[in-house]
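Structure first, then comments.
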Amino acid sequence: MLILGIESSCDETAAALVEDGHVVLSNVVASQIKTHRGFGGVVPELASREHLRNIGWVVRQSFLDAGKTQEEIDGIAVTNGPGLIGSLLVGVSFAKAMAYSLKKPLVAVNHTEGHIYSAFIENPDVEYPLLALVVSGGHTSLIYSTKPGFYQSIGRARDDAAGEALDKLAKFLGLGYPGGPLIDRLSQNGNPRRFSFSIPKISDGSLDFSFSGFKTAALRHIQLSGIKPRRSGGKITKIALDLVTSYQWAIVDTLVRQTQKAEARLHPKSILLVGGVACNSLLRRTFKRVFEEEPQQRAGADPVRVYYPSPILTTDNAAMIAAAGSPKVQHADPLDLTLNASADLRLC
Ligand code: KG4
Ligand code: ZN
């Protein structure tokens with residue numbers, strides 16, 4: 001089964017060819033970072049235009065890299081939400097046109113489900129039940145699944161997503177865009193204890209996340225300590241370095257604590273750390289320690305396996321969309337082209 005995946009929900013135009021749900025024959029990603037860098041965030045109108053410019057050659061390149069022809073595919077999987085509506089529409093319209101002209105089945109994939117499937121590409125026998133922490137620029141969710149295609153939301157961001165919180169502080173301090181990887185790198189040399197951030201208490205017992213309080217606290221620290229945004233090309237001060245390090249530490253601590261609570265309640269066999277922020281080195285290190293190393297030292301603890309996809313599969317890509325779409329293609333109606341994009345599509 002050979003599937004073409006197409007992804008255009010935010011600022012990456014991506015296409016991939018995946019065989020049997022997990023063998024990646026090609027994985028092409030056209031990033032728009034340069035277009036949006038000057039604005040410190042994604043500008044939706046510019047993103048749609050860039051997708052339009054790139055989608056044709058990105059899809060063509062995915063066939064060239066894989067050494068396959070369009071006639072050889074068994075179906076097309078496309079992200080239909082959640083995301084920026086203009087961006088989504090480019091991928092969805094392109095996929096519909098291709099499916100119509102090639103007479104191949106077309107299936108819709110929820111972007112969050114795509115991120116979950118990114119873990120299956122390198123580890124096709126991930127065991128259920130699984131608990132996934134999907135953590136990116138647009139989402140922070142804990143999702144529990146007992147079998148493929150069935151999802152239960154255990155916790156979600158009530159305000160900013162974790163990646164968005166990192167990107168916003170980096171923008172405010174003039175560090176650059178996207179902020180997540182920059183803060184990750186800078187924090188190797190900072191002091192995580194210099195600034196305190198109190199962890200928000202969600203009083204209804206849910207495993208939701210809230211990061212906007214950290215942003216307010218960071219602004220207060222900036223005002224009280226007189227921290228100035230970095231001038232273009234200037235050096236970052238030690239105090240600003242310590243602030244971003246403490247801020248990242250607080251965000252990672254929240255993500256780990258909520259995942260630990262979910263794990264204690266649900267006892268999954270597998271934990272998946274997926275989405276762009278899953279590239280974060282402190283988050284990966286802490287997950288490894290908390291869920292793999294420490295439990296092994298406790299006699300009688302049930303083993304849980306933790307999966308961290310490679311960075312190219314962790315940030316937005318179309319291989320994960322093809323992987324998630326693969327089981328759906330067998331049941332797709334080949335002539336159904338009613339599929340549409342939805343900016344706030346929910347997985348569960
Ligand atoms: O999954 P993704 O590519 O797009 C969305 O679905 O949002 O995630 C992008 C997010 C951005 O907020 C970026 O700052 C963050 O992932 N990110 C990181 C790292 N690499 C990317 N955050 C923290 N540490 C990183 N190493
Ligand atoms: Zn994503």
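Conditions (1) more than 16 Å from ligand 1 (Cβ to nearest atom); (2) without any contact (Cβ under 8 Å) to a residue 60 or more places away in the chain; (3) touching a Gly at 6+ places or on another chain (Cβ under 7 Å); (4) open to solvent by 50 Å² or more (accessible area, probe 1.4 Å), marked per residue:
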residue: Asp159; (1), (2), (3), (4): no, yes, no, yes
residue: Leu175; (1), (2), (3), (4): no, no, no, no
residue: Gly179; (1), (2), (3), (4): no, yes, no, no
residue: Ser187; (1), (2), (3), (4): no, no, no, no
residue: Phe195; (1), (2), (3), (4): yes, yes, no, no
residue: Ser210; (1), (2), (3), (4): yes, yes, no, no
residue: Phe214; (1), (2), (3), (4): no, yes, no, no
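Condition check: within 13 Å of ligand 1 (Cβ to nearest atom) and not basic (Lys, Arg). Does Gly75 satisfy that?
Working: within 13 Å of ligand 1 (Cβ to nearest atom): no; not basic (Lys, Arg): yes.
So Gly75 does not fit the description; no.
Considering only residues that are crowded, with 22+ Cβ neighbours inside 10 Å and closer than 13 Å to Ser141 by Cβ, look in region 258-277 and name the one that is nearest to ligand 2 (Cβ to nearest atom).
Gly275
Out of Asn191, Asn280, which single residue is open to solvent by 50 Å² or more (accessible area, probe 1.4 Å), in contact with an Asp or Glu (Cβ under 7 Å, 6 or more places away or on another chain) and either among the polar types (S, T, N, Q) or more than 18 Å from Val134 (Cβ to Cβ) (or both)?
Values: Asn280 fails: open to solvent by 50 Å² or more (accessible area, probe 1.4 Å).
That would be Asn191, the only listed residue that is open to solvent by 50 Å² or more (accessible area, probe 1.4 Å), in contact with an Asp or Glu (Cβ under 7 Å, 6 or more places away or on another chain) and either among the polar types (S, T, N, Q) or more than 18 Å from Val134 (Cβ to Cβ) (or both).
Which residues, taken from region 21-34, are open to solvent by 40 Å² or more (accessible area, probe 1.4 Å), among the β-branched types (Val, Ile, Thr) and within 20 Å of the chain's Cα centre (by Cα)?
The answer is Val24, Val29, Ile33.
If you check Gly190 against the conditions, is it within 16 Å of ligand 2 (Cβ to nearest atom) and either in contact with a His (Cβ under 8 Å, 6 or more places away or on another chain) or at pLDDT 95 or above (or both)? Even if it seems obvious, please write down each step before you answer.
On the way: within 16 Å of ligand 2 (Cβ to nearest atom): no; either in contact with a His (Cβ under 8 Å, 6 or more places away or on another chain) or at pLDDT 95 or above (or both): yes.
So Gly190 fails the test.
I'd like to know if region 15-25 contains one or more residues that are more than 17 Å from Ser118 (Cα to Cα) and either away from ligand 1 (no atom under 16 Å from the Cβ) or aliphatic (A, V, I, L, M) (or both).
No, the conditions are met nowhere in region 15-25.
Could you grab me the full set of residues in region 7-36 that are of a type outside the set (Gly, Ala, Ser), under 24 Å from Asp125 (Cα atoms) and within 15 Å of ligand 2 (Cβ to nearest atom)?
Step one: of region 7-36, the residues of a type outside the set (Gly, Ala, Ser) are 7, 10-13, 17-20, 22-25, 27-29, 32-36.
Checking which are under 24 Å from Asp125 (Cα atoms) leaves us with 17-20, 22-25, 27.
Asn27, the sole residue that qualifies.
Please tell me if Ile321 is open to solvent by 20 Å² or more (accessible area, probe 1.4 Å) and within 16 Å of ligand 1 (Cβ to nearest atom).
So Ile321 does not fit the description; no.
Kindly indicate whether Val134 is in a helix (DSSP H, G or I) and either within 16 Å of ligand 2 (Cβ to nearest atom) or more than 20 Å from Pro334 (Cα to Cα) (or both). Before the answer, list the steps.
Working: in a helix (DSSP H, G or I): no; either within 16 Å of ligand 2 (Cβ to nearest atom) or more than 20 Å from Pro334 (Cα to Cα) (or both): yes.
Against the criterion (in a helix (DSSP H, G or I) and either within 16 Å of ligand 2 (Cβ to nearest atom) or more than 20 Å from Pro334 (Cα to Cα) (or both)), Val134 does not qualify.
Within region 48-90, which residues are among the aliphatic types (A, V, I, L, M) and surrounded by fewer than 18 Cβ atoms within 10 Å (Cβ to Cβ)?
Leu52, Leu64, Ile85
What number of residues within region 235-291 are among the aliphatic types (A, V, I, L, M), within 13 Å of ligand 1 (Cβ to nearest atom) and closer than 17 Å to Val304 by Cβ? Steps first, answer last, please.
We begin by selecting, within region 235-291, every residue among the aliphatic types (A, V, I, L, M); these are 236, 239-241, 243-244, 250-252, 255-256, 262, 264, 266, 271-274, 277-278, 282-283, 290.
Okay, now just the ones that are also within 13 Å of ligand 1 (Cβ to nearest atom), so 244, 251-252, 255, 273-274, 277-278, 282-283.
Imposing the further condition that a residue be closer than 17 Å to Val304 by Cβ reduces the set to 255, 273-274, 278, 283.
Qualifying residue count for the region: 5.
For Leu133, only one of the following conditions fails: (1) more than 25 Å from His51 (Cα to Cα); (2) open to solvent by less than 10 Å² (accessible area, probe 1.4 Å); (3) away from ligand 1 (no atom under 14 Å from the Cβ). What is its number?
(3)
Could you tell me whether any residue of region 323-330 is within 21 Å of the chain's Cα centre (by Cα), of a type in the set (A, V, I, L, M, F, W, C) and either more than 30 Å from Leu4 (Cα to Cα) or at pLDDT below 95 (or both)?
So far as region 323-330 goes, no, none of its residues is within 21 Å of the chain's Cα centre (by Cα), of a type in the set (A, V, I, L, M, F, W, C) and either more than 30 Å from Leu4 (Cα to Cα) or at pLDDT below 95 (or both).
If you scan region 116-130, which residues turn out to be within 16 Å of ligand 1 (Cβ to nearest atom) and either open to solvent by 20 Å² or more (accessible area, probe 1.4 Å) or out of contact with any helix residue (DSSP H, G or I) (no Cβ under 6 Å at 6 or more places or on another chain) (or both)? Walk me through it before giving the result.
Taking region 116-130 as the starting set, the residues that turn out to be within 16 Å of ligand 1 (Cβ to nearest atom) are 116-119, 121.
Of everything in region 116-130, those that are within 16 Å of ligand 1 (Cβ to nearest atom) and either open to solvent by 20 Å² or more (accessible area, probe 1.4 Å) or out of contact with any helix residue (DSSP H, G or I) (no Cβ under 6 Å at 6 or more places or on another chain) (or both) turn out to be Ile116, Tyr117, Ala119.
When only residues in region 283-307 that are open to solvent by less than 50 Å² (accessible area, probe 1.4 Å) and either acidic (Asp, Glu) or within 16 Å of ligand 2 (Cβ to nearest atom) (or both) count, which is modelled with the lowest pLDDT?
Filtering region 283-307 down to residues open to solvent by less than 50 Å² (accessible area, probe 1.4 Å) leaves 283, 286-287, 290-292, 295, 301, 304, 306-307.
From the residues that got through so far, the ones that are either acidic (Asp, Glu) or within 16 Å of ligand 2 (Cβ to nearest atom) (or both) too are 283, 292.
On the way: Leu283: 98, Glu292: 90.
By that ranking, first place goes to Glu292.
Which of the residues that make up region 139-157 are within 12 Å of ligand 1 (Cβ to nearest atom) and open to solvent by 30 Å² or more (accessible area, probe 1.4 Å)?
Of the residues in region 139-157, the ones within 12 Å of ligand 1 (Cβ to nearest atom) are 139-141, 157.
Scanning region 139-157 gives a single hit, His139.
The values are calculated or read from the model by the stated rules, or taken from the named source; none is laboratory data. None of these values were measured; they are calculated from a predicted model. Neighbour counts are summed over all protein chains in view; Cβ atoms, including those assigned to glycine, are modelled from backbone coordinates with ideal geometry. Ligands, DNA and RNA are stripped out before the accessible areas are found, and what is left, the full protein with its side chains, is counted by its heavy atoms. Shrake-Rupley method; radii C 1.70, N 1.55, O 1.52, S 1.80 Å.
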